[in-house]
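Accompanying notes for the structure given below.
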Amino acid sequence: MSDQDPLTAAVYGSVGALPADEWDALAGDDNPFVSHAFLSALEDSGSVGPGTGWAPAPIAIADGAGRLAAALPSYLKSHSQGEYVFDHSWADAWHRAGGRYYPKLQIAAPFTPATGPRLLLGDAGLAEPLLRAAQGLCAEHGFSSAHATFIEPAQLPFFEDAGWLIRNDIQFHWENRDYADFDAFLAALSSRKRKAVRKERAEAQAGLEIRHLTGDEIEPEHWDAFWVFYQDTGARKWGSPYLTREAFTLLGERMGDRVLLILAYDEGRPIAGALNLIGKSALYGRYWGCTVHKPFLHFELCYYQAIDAAIRLGLRRVEAGAQGGHKLARGYEPVRTWSAHWIADAGFREAVADFLARERRGVAEEQMFLGERTPFRKD
């Protein structure tokens, strides 16, 4: 794009208000969570929007012809739920100092701790004006801060150059080292861990039928069953589920070919399920739940079946969600995740920067500790 092209930046009320083909041309086809289909499904289902604390506010830059040239999937947040990068202590500190932390600007795929692009760019040169537009929105309305979470590492320099504070944490991902099948993966583990995984899988699968469903194979009855599982897990983890029942129907309708639903049946009755989305290079585990508690069934559906699927689909990795040190023993390795934070107040920014410097040292030590304890053979 030349310097002579006129550019205009604007804030919109929804991703759905923007052309799907232009949005997706910027988002690419690697990460399903920044696709127009996914983000608009959350809007149209009421999972984000009025009453949720997630007010869609995508920022877009258009070229002289009015076509999208860059965009941010962003939201005005009145709380810090559903983000998986915790800033509650920052909010408490700012409130105690007499400040108003909320609303804040959140650049993210809602409820999704999966790494991906946060700056949707037709031209890398638009990163700086796009972030400047986000900062300007905060300054104009007196927002305390802006936060971009689970940023793909290649985009970190854009945020650093704009003066945003960088934060990192740890997730556990499974890496496909060109395994032919699950047994080839097991062969890479130590003998003791290999036996433990086989024992867990046998106990979890005993008496059950496990089905992988995608696209048109997923019927309303399957979503009804999964909705029951999801509600149970959501109520226990978050107090109330983030997604509405309609969200699952819309995901199936709009991007069913990128959905992998794994269900466990006991005598023809579904008793547990795991929902995954399929990217170009990764399988993303998102939600799981059950109505019958069976030893190791969570590990089977969420971790081992995901590995089976990733190998079959030729994907490079499995991202099985946030946290979970128990994933380590099952072949999921510690990797860094990244976020970036713009703080309006200079004094508060300095305090957060000091906190992040100390936190980074702890995260680095933890990753080194965990990396030495993977279940792989040490020869």
Among the residues of segment 243-251, is any surrounded by fewer than 22 Cβ atoms within 10 Å (Cβ to Cβ), small (G, A, S) and over 24 Å from H326 (Cα atoms)? no
Matching residues in segment 29-75 - criterion: being surrounded by fewer than 20 Cβ atoms within 10 Å (Cβ to Cβ) and of a type in the set (D, E, K, R): D29, D30, D44, D63, R67
Do you know which residues across segment 300-312 are of a type in the set (A, V, I, L, M, F, W, C) and closer than 11 Å to Q205 by Cβ? L301
Which members of segment 76-88 meet the condition of being out of contact with any Ser or Thr (no Cβ under 7 Å at 6 or more places or on another chain) and either open to solvent by less than 20 Å² (accessible area, probe 1.4 Å) or over 28 Å from L283 (Cβ atoms) (or both)? L76, K77, S78, H79, S80, G82
Output for segment 90-123, where each listed residue is part of a strand (DSSP E or B), within 23 Å of G136 (Cβ to Cβ) and of a type outside the set (S, T, N, Q): K104, L105, I107, L120, L121
If you check V197 against the conditions, is it open to solvent by 30 Å² or more (accessible area, probe 1.4 Å) and among the aliphatic types (A, V, I, L, M)? no
Which residue pairs have Cβ atoms closer than 9 Å, lie 6 or more positions apart in sequence or on different chains, and pair a first residue in segment 168-189 that is closer than 30 Å to F355 by Cβ with a second residue that is open to solvent by 30 Å² or more (accessible area, probe 1.4 Å) and hydroxyl-bearing (S, T, Y)? D169/Y84
In the list A109, A91, A127, A162, which residue meets the criterion of being within 30 Å of R330 (Cα to Cα) and under 24 Å from the mean Cα position of the chain (by Cα)? A109
Which members of segment 124-144 meet the condition of being open to solvent by 10 Å² or more (accessible area, probe 1.4 Å), among the small types (G, A, S) and either closer than 18 Å to A71 by Cβ or part of a helix (DSSP H, G or I) (or both)? A124, G125, A133, G136, A139
Please state which one of I307, I271 is over 15 Å from the mean Cα position of the chain (by Cα), of a type in the set (A, V, I, L, M), on the phi < 0 side of the Ramachandran plot and surrounded by fewer than 21 Cβ atoms within 10 Å (Cβ to Cβ). I271
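The values are calculated or read from the model by the stated rules, or taken from the named source; none is laboratory data. What you see is a predicted model, and the numbers here were worked out from it, not measured in a lab. Don't worry about glycine lacking a Cβ; one is built from the backbone with ideal geometry, like all the others, and counts go over all protein chains shown. Each accessible area value is taken on the protein alone, full model and side chains, heavy atoms only, with ligands, DNA and RNA left out. Shrake-Rupley method; radii C 1.70, N 1.55, O 1.52, S 1.80 Å.
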